[in-house]
Amino acid sequence: MAHNHMIEMLDLDAEVLHDYHSEVIAWVGREAAGQPRIADLGAGSGTGSLALARELPGARVTALDVDPEMLAHLRARAEAEGLGDRIGTVEADLDQPWPGLGPIDVVWAASSMHHMADPARALASAFGVLQPGGLLVVAELDSFPRFLTGTPDEPVEDAGHVAMDKRRHEAGLHMHENWGALISRAGFAEVTERHFDIALPAPLPPTGARYAQVTLSRMRHGLEDRLPAAELATLDRIVTGLPGRTDLSVRTERTVWLARR
Ligand SMILES: C[S@@+](CC[C@H](N)C(=O)[O-])C[C@H]1O[C@@H](n2cnc3c(N)ncnc32)[C@H](O)[C@@H]1O
């Protein structure tokens, strides 16, 4: 169940933040070689792989992930969209030596670099698989989506984020790396950085409210053993009451780096 929620949350992120995702893909499209061979690192439910195959005609994508359930979902979506012949999946733990990928023109890593045990090593591997002149794309979250800004429940969401940040830090996730410096250190040139300050105002469409519900419900379960019972009960009340609320908005910040081998 928790896993299904993760998949649904990633799919909803793609849908609700559609404009952000398509702006990044368009940027990559302008910079990438024609008919690029793409490796999507930590492809998850397929947000990047599908959009890249859809938007870049002739692109072929290899989606890599350690999680076979994610890859099964991604494959089903690719088939349903008629993109199955241009998207392949490879189950791989990218903390281990990488599988052979053949020549690659674009390495895409969206919200996945921070999961790597050693991001510097992963970036060096990305450098190693890219053709000369090939493109590296790293997208990371500066802040996780917030839905309750300006509402009476904002402080509860804020406290939840503080506790989740602590949890991620203790789990060893690399949330606040200086990615530009790490990318340069791995040997890449022409490192360009773009910051996206995303704000979708209230009222949100039903998919937005569902995104809020899945995200805050995951937060609540992630904090099960970290918040006092009263705060968990407050979060429960908020999560239950989300559908139909007209004061929900989305705030999130992302940064994307493009660089050349
Ligand atoms: C937050 S999700 C991002 C998914 C997708 N790139 C997106 O933008 O929606 C991170 C993904 O990285 C994968 N992942 C985490 N550690 C990994 C590793 N060591 N090797 C391969 N994939 C990994 C997870 O299974 C998950 O699907």
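The values are calculated or read from the model by the stated rules, or taken from the named source; none is laboratory data. Note that the coordinates shown come from a computational prediction; the quantities given were computed from them, not determined experimentally. FYI the Cβ positions are ideal-geometry reconstructions off the backbone, even for glycines, and counts take in every protein chain you see. All accessible areas refer to the heavy atoms of the entire protein, side chains included, with ligands and DNA or RNA removed. Shrake-Rupley method; radii C 1.70, N 1.55, O 1.52, S 1.80 Å.
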Pick out, from segment 1-59, the helices (runs of 4 or more DSSP H) lying fully within it that include 2 or more residues that are buried (at least 21 other Cβ atoms within 10 Å of the Cβ), out of contact with any helix residue (DSSP H, G or I) (no Cβ under 8 Å at 6 or more places or on another chain) and β-branched (Val, Ile, Thr). none
Would a scan of segment 231-249 turn up a residue that is open to solvent by less than 20 Å² (accessible area, probe 1.4 Å), closer than 18 Å to Leu141 by Cα and hydroxyl-bearing (Ser, Thr, Tyr)? yes
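Determine if segment 151-164 includes at least one residue that is of a type in the set (Asp, Glu) and closer than 28 Å to Ala32 by Cβ. Spell out the reasoning first.
First, the residues of segment 151-164 that are of a type in the set (Asp, Glu): 153-154, 157-158.
Now drop any that are not closer than 28 Å to Ala32 by Cβ, which leaves none.
Looking for residues that are of a type in the set (Asp, Glu) and closer than 28 Å to Ala32 by Cβ, one finds none in segment 151-164, hence no.
Please specify each residue of segment 175-229 satisfying the condition of being of a type in the set (D, E, K, R) and open to solvent by 50 Å² or more (accessible area, probe 1.4 Å).
Here is the first cut: in segment 175-229, the ones of a type in the set (D, E, K, R) are 177, 185, 190, 193-194, 197, 210, 218, 220, 224-226.
Within segment 175-229, Glu177, Arg185, Glu190, Glu193, Arg194, Asp197, Arg210, Arg218, Glu224, Asp225, Arg226 meet the criteria.
Can you report the number of residues in segment 118-151 which are in a loop (DSSP other than H, G, I, E, B), surrounded by 20 or more Cβ atoms within 10 Å (Cβ to Cβ) and not aliphatic (A, V, I, L, M)? Working first, answer last.
Here is the first cut: in segment 118-151, the ones in a loop (DSSP other than H, G, I, E, B) are 118, 147-151.
From the residues that got through so far, the ones that are surrounded by 20 or more Cβ atoms within 10 Å (Cβ to Cβ) too are 147-148.
Retained after the next criterion (residues that are not aliphatic (A, V, I, L, M)): 147.
Looking only at that region, the number is 1.
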For Leu83, state whether it is of a type in the set (A, V, I, L, M, F, W, C), in a loop (DSSP other than H, G, I, E, B), more than 9 Å from the ligand (Cβ to nearest atom) and open to solvent by 30 Å² or more (accessible area, probe 1.4 Å). no
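Can you tell me which residues in segment 160-172 are open to solvent by less than 50 Å² (accessible area, probe 1.4 Å) and free of Cβ contacts under 8 Å to residues at least 60 places away in the same chain? Quick ask: steps written out before the conclusion?
Here is the first cut: in segment 160-172, the ones open to solvent by less than 50 Å² (accessible area, probe 1.4 Å) are 160-161, 163-164, 168, 172.
Passing the criteria: His161, Met164, Arg168, Gly172.
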Let me confirm something: among Pro57, Pro36, Pro68, which residue is within 15 Å of the ligand (Cβ to nearest atom), over 26 Å from Thr252 (Cα atoms) and either of a type outside the set (D, E, K, R) or at pLDDT 95 or above (or both)? Pro68
Return yes or no: is Gly102 open to solvent by 10 Å² or more (accessible area, probe 1.4 Å) and without any contact (Cβ under 8 Å) to a residue 60 or more places away in the chain? no
When residues of segment 14-33 are filtered for being over 15 Å from the mean Cα position of the chain (by Cα) and within 14 Å of the ligand (Cβ to nearest atom), how many remain? 1
(1) touching a Leu at 6+ places or on another chain (Cβ under 7 Å); (2) within 9 Å of the ligand (Cβ to nearest atom); (3) among the aliphatic types (A, V, I, L, M) all hold for Val106 apart from (2)
Within segment 93-100, is there a residue that is within 10 Å of the ligand (Cβ to nearest atom) and of a type in the set (Phe, Trp, Tyr)? yes
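For segment 220-236, which positions are without any contact (Cβ under 8 Å) to a residue 60 or more places away in the chain and in a helix (DSSP H, G or I)?
Here is the first cut: in segment 220-236, the residues without any contact (Cβ under 8 Å) to a residue 60 or more places away in the chain are 222, 224-225, 228-230, 232-233, 236.
Hits for segment 220-236 are Gly222, Ala229, Ala230, Leu232, Ala233, Asp236.
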